1. Which value, in Å² and to the nearest 10, is the accessible area of VAL39 when all protein chains are kept and the probe is 1.4 Å?
2. Taking amide H positions as placed 1.01 Å from N in the peptide plane, with prolines and chain starts having none, which residues 5 or more places from ILE225, or on another chain, fall under 5 Å of its amide H?
3. Using θ = phi - 60° and the Karplus curve 6.51 cos²θ - 1.76 cosθ + 1.60, what whole-Hz ³J(HN,Hα) does each residue of segment 228-241 get, with Gly and Pro shown as x?
4. Counting only protein heavy atoms, what percent of the accessible surface of the chain is carbon or sulfur at a 1.4 Å probe?
5. Quote the accessible area belonging to LYS49 in square angstrom, nearest 10, computed with a 1.4 Å probe and with ligands, DNA and RNA left uncounted.
6. Given R₀ = 56 Å, FRET efficiency for ASP68-ASP256 by Cβ-Cβ distance, to 0.05?
7. Which order do you get for GLU116, GLU241 if you rank them by accessible area with a 1.4 Å probe, largest at the top?
8. Considering all projection directions equally, how large on average is the shadow of the alpha-carbon convex hull of segment 69-227, in square nanometres?
Amino acid sequence: MTASAPITQDVLTLPRNLPEEGRRNLVGLTRPELRAALVAAGTPEAQAKMRENQIWQWIYQKGVRDFDAMTNLAKTYRALLAAHFVIAVPEIVARQVSEDGTRKYLVRIAGGHEVETVYIPEEDRGTLCISSQVGCTLTCSFCHTGTQKLVRNLTAAEIVGQVMLARDDLGEWPEPGRAPKDETRLLSNIVLMGMGEPLYNFESVRDAMKIVMDGEGISLSRRRITLSTSGVVPEIARTAEEIGCMLAVSFHATTDEIRDRLVPINRKWNIAELLDALRAYPKLSNSERITFEYVMLDGVNDSDADARRLVKLIQGIPAKINLIPFNEWPGAPYRRSSEARIRAFADVIYKAGYASPIRTPRGEDIMAACGQLKSATERARNPRRAS
Ligand code: SAH
Ligand code: SF4
């Protein structure tokens, strides 16, 4: 947030790969949808499965956007594809690089709306934080995105497209047959922790994540994908069954009274109901543990008594507690807890036997940290509320 921090910013003016009128975008289609689209365009049924595989690999394994580059397809077939389809990802309109290496992309989607996608390089991984909605219907009182009304849900194409445009920017489309192992990839992990509530856009998020996990494409393991929810209880079991990724939950408080204020969805599904759903998750999804996100707000939810209550509440749930120092944004009604307070809180949790990493804020100088995301256009449109 320091105005003097060395930031590089490119504003890209050329529109790229915008879907052409009337041609269907193949990005974001599930495998059955892709096959059906190919058949509808004239691909013989008997070839459809093979064509689906070939095209899938070109798009998601090799990063190809031009049908002409699909050299294992006959020229006439490539022309047929080009007449019916496009391969389009959203456009990066601005790209900022923080002094800590974090990259924030301002991404333009159809209708002129914008979302933010953030790439966070770390020693042992590179995490892409992706958005699922423009704005959010929920109004968590500490979250910048929560001050922006929901504009619309992202499509599956726009969600998987964020992964593809980040790979473009990182130059990480592997040579055929030389896909790097997850551990050595620049983009090795995905967190659904950008703008929006992913479980209020379930189908698109699910379809996009299925594409990302597909072994013949981007091929990221489900254990490297973490979906963060504010607590949409009825969708949690479905997340386990239909996506099977890791789950994080924005817990943030240990009494219903405080959680009602911080995460208002708590008034619909309270702490007890949320915990019941979380208890069932690891078994249903066969994932080891749940991440409890806990934002540290000075004097609001950060006492030792809170820490002890938290440990008691989550008893029996395989868990990791991720303490997030509050990231301030202009006009925010809270302050970050002191470092000493955060450490004392972490200590109580640690002594109770839980991992309690303190999340280092990343990309603060470019407003890329958790909860700071908001469309730049929205900031400009509504400066009083947003900045
Ligand atoms: N809507 C989802 C995912 C997006 S928010 C959810 O609420 O879980 C990703 C994480 O950042 C959540 O844990 C959210 O509570 C947290 N967050 C939001 N605003 C924040 C802020 N200003 N400082 C720190 N963390 C914040
Ligand atoms: Fe929406 Fe998550 Fe922000 Fe709450 S914390 S307003 S659910 S994005």
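1. VAL39 has an accessible surface of roughly 40 Å² with all protein chains in place.
2. When sequence neighbours closer than 5 places are left aside, the close amide H contacts are ILE190, MET246.
3. 9, 10, 7, x, 7, 3, x, 9, 6, 5, 4, 4, 4, 6
4. Carbon and sulfur: 51 percent of the exposed surface of the chain.
5. Ignoring ligands and nucleic acids, LYS49 comes out at about 90 Å².
6. Efficiency for this residue pair is about 0.40.
7. GLU241, GLU116
8. 10.8 nm²
The values are calculated or read from the model by the stated rules, or taken from the named source; none is laboratory data. A quick note: this is a predicted structure, and the numbers were derived from the prediction, not measured. A quick note on method: Cβ atoms are made from the backbone with ideal geometry, for glycine too, and the neighbour counts reach across all protein chains shown. These accessible areas exclude ligands, DNA and RNA; they are computed on the full protein's heavy atoms, side chains included. Shrake-Rupley method; radii C 1.70, N 1.55, O 1.52, S 1.80 Å.
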